[in-house]
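Taking it in order: structure first as structure tokens, then the write-up.
The values are calculated or read from the model by the stated rules, or taken from the named source; none is laboratory data. Here the structure is a predicted model, which is why all the values come from computation and not from measurement. Neighbour counts run over all protein chains shown; Cβ positions are idealised from the backbone, glycine included.
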Amino acid sequence: MSPHPSRIPVASTPRTVPPMAGDDNTPGASVTGAGAPERAQSNGAVTVVELVDVAARVGGRPVWSQVSLTVTAGQFVAVLGPNGVGKSTLLKILLGLQPVAAGTVTVLGARPGRANTRIGYLPQRRAFDAQTRIRGVDIVRLGLDGHRWGTPIPLVSRLLRPTAHRQAQQRVAEVLDLVGATHYAHRPIGQCSGGEQQRLLIAQTLIRDPELLILDEPLDSLDAPSQAGISALLDTICRTRHVTVLLVAHDVNPILAYLDQVIYLSPGGAVTGPPEQVITPDTLTRLYGTPIDVLRDRAGRLVVIGAPDAPPAHHPRR
Ligand SMILES: Nc1ncnc2c1ncn2[C@@H]1O[C@H](COP(=O)(O)OP(=O)(O)OP(=O)(O)O)[C@@H](O)[C@H]1O
Ligand SMILES: [Mg+2]
């Protein structure tokens, strides 16, 4: 029995998304550069993220310590753990947004923050008010050029840089198609459902053709069908485009079938490994501090039962 029943074969050819030709100052142009060593190999053996004996402090308080882990190219990895244990902190450390208290961190062969143009990042808790007028297509476009021009002004950019504008439009259309959001992308994003908004935001993270996707609870607040749809979409992106996916989740079930590795964070460190080795009743009960069962369904898939959505206290210890 395969632990990855829905795995899609990894593409052995380079990605087809073209760089933004004539726009060499954009981070997107460097992303697709042929010289990047991580891009040259596609066998999954290249190290994308490495932590060696790392400790994190937030607001002067220790959060977790003694964390060592490796994520290799093309892996689909979940970061799990109770509320407040420091999952978002780990992601911020990888992005160079937060320093480490001890240890060494390498991301895409560089110090955290140095390779951020090759990373797509979806922060935690994004919600658009129903009155938000900006269209989904503009949100996606912001991922391409928002850092340079602020909110894009279509007429100005079309007049000043017609070729770049056309290429940007084409790129936006490509990622919208990839995530299946084309038909609602021209609506105000406040009028899109939670799942539709999530697809648009994932499209934004993809627009610069990242090698690493870092997603903080992308399944949060979605119903079961939307969770399944987004999980399958991320798996497709991971397998067919060889993008490494590092995703924080509270409920592991929607993504369980797709995972190569799980990272269970606890104050004392992290337990990492393939899901079938790490997702065991003993490990989860110890980490969450509450009884948790792990069952197999008829298809042989692991099902976690009893993981609390909101544990009564942070850092439960036994
Ligand atoms: N700005 C801050 N100042 C002080 N403490 C903070 C700050 N931000 C986060 N913390 C604390 O750092 C710890 C780790 O926070 P973090 O957001 O990384 O946890 P998390 O595992 O992502 O939690 P959740 O599952 O609720 O998203 C928590 O105890 C939190 O209260
Ligand atoms: Mg968090």
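Residues that are within 15 Å of ligand 1 (Cβ to nearest atom) and surrounded by fewer than 17 Cβ atoms within 10 Å (Cβ to Cβ) within the stretch 99-113 comprise Pro99, Ala101, listed in sequence order. In the stretch 216-255, the qualifying residues are those that are over 14 Å from the mean Cα position of the chain (by Cα) and among the acidic types (Asp, Glu), and the one that is nearest to Glu50 (Cα to Cα) is Asp251.
Please verify whether the stretch 216-237 includes one or more residues that are buried (at least 22 other Cβ atoms within 10 Å of the Cβ) and in contact with a Phe, Trp or Tyr (Cβ under 6 Å, 6 or more places away or on another chain). No. Look at (1) within 11 Å of ligand 1 (Cβ to nearest atom); (2) surrounded by 24 or more Cβ atoms within 10 Å (Cβ to Cβ); (3) of a type in the set (A, V, I, L, M, F, W, C) and you find that Val58 fails only one, number (2). Taking every residue in the stretch 268-288 that is part of a strand (DSSP E or B) and of a type outside the set (A, V, I, L, M, F, W, C) and pairing it with any residue that is modelled with pLDDT of 90 or more and exposed (fewer than 15 other Cβ atoms within 10 Å of the Cβ), at least 6 positions away or on another chain, the pairs with Cβ-Cβ distances below 6 Å are Gly269/Gln66.
For the stretch 74-130, residues that are assigned to a loop (DSSP other than H, G, I, E, B), within 16 Å of ligand 2 (Cβ to nearest atom) and not aliphatic (A, V, I, L, M) total 10.
I need the full set of residues from the stretch 264-318 which are within 16 Å of ligand 2 (Cβ to nearest atom), at pLDDT 75 or above and either touching a strand residue (DSSP E or B) at 6+ places or on another chain (Cβ under 6 Å) or not hydroxyl-bearing (Ser, Thr, Tyr) (or both), in order please. Tyr264, Leu265, Pro267, Ala270 - these are the residues of the stretch 264-318 that are within 16 Å of ligand 2 (Cβ to nearest atom), at pLDDT 75 or above and either touching a strand residue (DSSP E or B) at 6+ places or on another chain (Cβ under 6 Å) or not hydroxyl-bearing (Ser, Thr, Tyr) (or both). Just one of the numbered conditions (1) touching a helix residue (DSSP H, G or I) at 6+ places or on another chain (Cβ under 6 Å); (2) more than 30 Å from Pro62 (Cα to Cα) is not true of Leu201: (1). Any residue in the stretch 119-142 that is in contact with a Phe, Trp or Tyr (Cβ under 9 Å, 6 or more places away or on another chain), on the phi > 0 side of the Ramachandran plot and within 15 Å of ligand 1 (Cβ to nearest atom)? Scanning the stretch 119-142 turns up no residue that is in contact with a Phe, Trp or Tyr (Cβ under 9 Å, 6 or more places away or on another chain), on the phi > 0 side of the Ramachandran plot and within 15 Å of ligand 1 (Cβ to nearest atom). Given the criterion surrounded by 22 or more Cβ atoms within 10 Å (Cβ to Cβ) and either within 16 Å of ligand 2 (Cβ to nearest atom) or of a type outside the set (Ser, Thr, Tyr) (or both), identify the matching residue among Ala164, Ala185, Ala173. Ala185 is the lone residue from the list that is surrounded by 22 or more Cβ atoms within 10 Å (Cβ to Cβ) and either within 16 Å of ligand 2 (Cβ to nearest atom) or of a type outside the set (Ser, Thr, Tyr) (or both).
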